[in-house]
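I have placed the structure first, in the form of structure tokens, so that the comments after it can refer back to it.
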Amino acid sequence: MESPLLQSPGAVPADAPDQEVAAHYGEPSQEQRALEAGTAFVDRSNRGVVRVSGPDRLSWLHSLLSQRLDGLKPYEPTEALLLSPNGHIEHHLHVIDDGEAVWAHVEPGDAPSLVEFLDKMRFMLRVEVEDVSAEYAVITGPPRGKGLAWPDVSGTETRIVPRADGFPADLRPAGIWAYEALRIAAYRPRFGLDTDHRTIPHEVGLVETAVHLSKGCYRGQETVARVHNLGRPPRRLVFLHLDGSVDRLPAKGDPVDIPGGRTVGAVGSAARHHELGPVALALVKRNVPVTDELLAGGIAAAQEVVVAPDTGANAQIDLRRRPASRA
């Protein structure tokens, strides 16, 4: 569903998977600063919105997803993963319950397949699953009080709002580029951009936010438990400071190489941060030394550790999270 804000003066459509919203409105750097300062919002209305109602909703979702949900309190936001039987990430859900239904927002285009899977798993339970993406939109901006909201990057919050309510009239719009730059700088992986079909939660740090390590059985739990108790994941998420003298960014899927030619990973998402310059997230082999200089799509890059090489094997999961800041 194309956002009406794409008709705004100066609006430039983003690349896939965000082509239905604006990359920017003519002032990318200023928009990013305004978002961080709390005077702008980002239209993320291309994201899918799923609603699950019924008295069995929390216990049912608890049995399917990676997060502990059976005791979720109203308006307590969390994250959860739907994993394959082999433990690979199939959906990343941002979840909240309003006392009557569970709401979740997911990546653009993911809601139909998520609803299809959940519908197949209802059996005789008292639950109803709906794709309500046509009626509700996702926006990110300064905190607005109680409601369906999740804390997000650099002092912002993400909310699900009725599309009929429109967008905030007292805030300037910022493009998705602004949000993506702050997200990358906060070391937050995005499903489908910083992951692939083989990604498991430990590799990208989602064990910290979206997995409950002592809950009961759920699909893919065996892989999570095995990595946590016995072994280390084959790859790890890294943050890259890119050479600012190069006039381009690496593309998703570009190889990450050690100088000399050996490919050790792939680029996920990349952006230009208003303070840090060009930055990116990438998945690299676990045994790549944390001090090695890398090449990301041919661009020189220095790495910062996000997921430690010894994550798993009962090691403490100590992710490096960049502190939130407000201008």
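The values are calculated or read from the model by the stated rules, or taken from the named source; none is laboratory data. This one's a predicted model, so the numbers in the text were calculated from it and none came from an experiment. A quick note on method: Cβ atoms are made from the backbone with ideal geometry, for glycine too, and the neighbour counts reach across all protein chains shown. Surface areas here come from the heavy atoms of the whole protein model, side chains and all, with no ligands, DNA or RNA. Shrake-Rupley method; radii C 1.70, N 1.55, O 1.52, S 1.80 Å.
Per-structure values
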read-out	value
Spans of strands (runs of 3 or more DSSP E) in the stretch 171-288 with at least 1 residues under 30 Å from Val138 (Cα atoms)	172-174, 235-242, 262-273, 277-285
Strands (runs of 3 or more DSSP E) (entirely within the stretch 65-106) containing at least 3 residues that are out of contact with any His (no Cβ under 8 Å at 6 or more places or on another chain) and open to solvent by 10 Å² or more (accessible area, probe 1.4 Å)	89-97
Residue, least open to solvent (accessible area, probe 1.4 Å), within the stretch 270-304, restricted to residues that are touching a Pro at 6+ places or on another chain (Cβ under 8 Å) and of a type outside the set (A, V, I, L, M)	Gly297
Every pair of residues 6+ apart whose Cβ atoms lie under 8 Å, when the first sits in the stretch 9-29 and is in contact (Cβ under 8 Å) with a residue 40 or more places away in the chain while the second is assigned to a strand (DSSP E or B) and among the β-branched types (Val, Ile, Thr)	Ala22/Val12; Ala23/Val12; His24/Val12; Tyr25/Val12
Number of positions in the stretch 160-172 that are open to solvent by 40 Å² or more (accessible area, probe 1.4 Å) and closer than 29 Å to Leu249 by Cβ	2
Single residue of Val238, Val211, Val207 found to be among the hydrophobic types (A, V, I, L, M, F, W, C), crowded, with 21+ Cβ neighbours inside 10 Å and at pLDDT below 95	Val207
Qualifying positions in the stretch 107-124 - farther than 17 Å from Ser53 by Cβ and not in a helix (DSSP H, G or I)	Glu107, Pro108, Gly109, Asp110
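Conditions (1) in contact (Cβ under 8 Å) with a residue 12 or more places away in the chain; (2) closer than 23 Å to Glu203 by Cα; (3) not hydroxyl-bearing (Ser, Thr, Tyr), marked per residue:
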{"residue": "Arg44", "(1), (2), (3)": "yes, no, yes"}
{"residue": "Val50", "(1), (2), (3)": "yes, no, yes"}
{"residue": "Glu79", "(1), (2), (3)": "yes, yes, yes"}
{"residue": "Ala101", "(1), (2), (3)": "yes, no, yes"}
{"residue": "Val106", "(1), (2), (3)": "yes, yes, yes"}
{"residue": "Asp110", "(1), (2), (3)": "yes, yes, yes"}
{"residue": "Leu118", "(1), (2), (3)": "yes, no, yes"}
{"residue": "Phe123", "(1), (2), (3)": "no, no, yes"}
{"residue": "Val129", "(1), (2), (3)": "yes, no, yes"}
